[in-house]
Amino acid sequence: MELAYYSDYAVRLVNTEEPARNKDALTSVEVIRELFGAATQMARRATDSDVTRFRAVRARLRAVFTAADEGDHTGAVDLLNSLLLEFPVSPQISGHDILDEDGRPRWHMHLADHPSNATAGYAAIAAMGLAFHLTEFGADRLGLCQAPPCRNAYLDTSTNRSRRYCSDRCATRANVAAYRARKRLEADRSDRTGLTAENSQESVTPSDR
């Protein structure tokens with residue numbers, strides 16, 4: 001499992017909440033276990049008490065994305081560093097589960113299971129994954145969806161750093177809204193132009209004609 005894989009842990013956790021819609025999907029231990037994905041050993045350790053702790057970590061991770069999205073890259077790094085200090089990782093070299101074409105282990109870095117609790121384990125790998133993505137690609141690659149009221153977190157992996165939306169659905173919705181806004185503006189301008197022309201004609205006296 002490569003370190004880049006872990007950055008998605010942060011995105012998945014942040015996006016369990018939609019603040020603008022007042023929606024929160026993080027309501028049970030089952031939801032927490034689903035967030036772990038393939039990390040089933042850590043998932044089994046989750047309990048009901050982790051729900052509140054996960055929400056606290058989620059708020060801090062969202063703050064990282066918010067700072068980066070607003071261009072405060074130093075602030076984003078400071079917030080992320082505080083998470084890394086509080087939830088240190090335990091890196092290990094692994095390869096037993098991935099073999100190359102010759103049947104030899106394909107060695108890679110793996111973040112080992114955290115001995116404390118499910119929240120600490122998840123926070124450690126999410127923060128480390130996000131830190132890897134930030135240092136490898138830049139803080140401007142961390143964003144929040146620009147299609148209101150979504151504001152879901154995303155990691156920009158585009159070649160020209162052009163991503164602005166969390167999904168194709170939000171991009172389409174934003175483009176349709178922008179198109180309709182342009183059409184309304186054009187219609188308003190056309191109406192005003194027509195009224196101006198009509199008023200000009202009415203201002204001309206019969207003798208002038």
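For every residue, the table says whether it meets (1) out of contact with any strand residue (DSSP E or B) (no Cβ under 6 Å at 6 or more places or on another chain); (2) closer than 16 Å to S7 by Cα; (3) of a type in the set (G, A, S); (4) not assigned by TED's automatic domain parsing to the domain that holds T16.
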| residue | (1), (2), (3), (4) |
| --- | --- |
| R53 | yes, no, no, no |
| V57 | yes, yes, no, no |
| R62 | yes, yes, no, no |
| S82 | yes, no, yes, no |
| F137 | yes, yes, no, no |
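Just name the residue that is farthest from Y6 (Cα to Cα) out of those in the range 64-80 that are among the small types (G, A, S) and touching a strand residue (DSSP E or B) at 6+ places or on another chain (Cβ under 9 Å).
Here is the first cut: in the range 64-80, the ones among the small types (G, A, S) are 67-68, 71, 75-76.
Of the ones still in play, those that are also touching a strand residue (DSSP E or B) at 6+ places or on another chain (Cβ under 9 Å) are 67-68, 76.
Numbers: A67: 20, A68: 18, A76: 18 Å.
Once the filter is applied, the top-ranked residue is A67.
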Next on the checklist: Step by step: first the residues of the range 69-95, then only those that are more than 18 Å from V57 (Cβ to Cβ) and modelled with pLDDT under 95, then the one that is nearest to the chain's Cα centre (by Cα). Which residue is that?
Outcome noted: P91
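Could we say that R104 is of a type in the set (K, R) and in contact with a helix residue (DSSP H, G or I) (Cβ under 6 Å, 6 or more places away or on another chain) here? Don't jump to the end; show me each part of the working.
On the way: of a type in the set (K, R): yes; in contact with a helix residue (DSSP H, G or I) (Cβ under 6 Å, 6 or more places away or on another chain): no.
The answer is no for R104.
Let's see how each residue does on (1) more than 22 Å from G75 (Cα to Cα); (2) in contact with a Pro (Cβ under 8 Å, 6 or more places away or on another chain):
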{"site": "R104", "(1), (2)": "yes, no"}
{"site": "H110", "(1), (2)": "yes, yes"}
{"site": "A118", "(1), (2)": "yes, no"}
{"site": "A124", "(1), (2)": "no, yes"}
{"site": "D168", "(1), (2)": "yes, no"}
Checklist entry - Assuming K23 fulfils every condition listed in (1) farther than 21 Å from C145 by Cβ; (2) out of contact with any Phe, Trp or Tyr (no Cβ under 8 Å at 6 or more places or on another chain) apart from one, which condition is it? => result (1)
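Output the residue which, of all residues in the range 34-55 that are of a type in the set (K, R) and either assigned to a helix (DSSP H, G or I) or under 16 Å from V11 (Cβ atoms) (or both), is farthest from the chain's Cα centre (by Cα). Working first, answer last.
Of the range 34-55, the ones of a type in the set (K, R) are 44-45, 53, 55.
Still in the running and either assigned to a helix (DSSP H, G or I) or under 16 Å from V11 (Cβ atoms) (or both): 44, 53, 55.
Numbers: R44: 26, R53: 20, R55: 16 Å.
The extreme case among them is R44.
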Checklist entry - Among the residues of the range 60-90 satisfying the criterion of being among the aliphatic types (A, V, I, L, M), without any contact (Cβ under 8 Å) to a residue 40 or more places away in the chain and surrounded by 13 or more Cβ atoms within 10 Å (Cβ to Cβ), which is farthest from R141 (Cα to Cα)? => result V89
Item to check | Considering residues of the range 1-33 that are among the β-branched types (V, I, T) and part of a loop (DSSP other than H, G, I, E, B) only, the residue surrounded by the most Cβ atoms within 10 Å (Cβ to Cβ) | outcome: T16
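The values are calculated or read from the model by the stated rules, or taken from the named source; none is laboratory data. These figures come from a predicted structure and were not determined experimentally. A quick note on method: Cβ atoms are made from the backbone with ideal geometry, for glycine too, and the neighbour counts reach across all protein chains shown.
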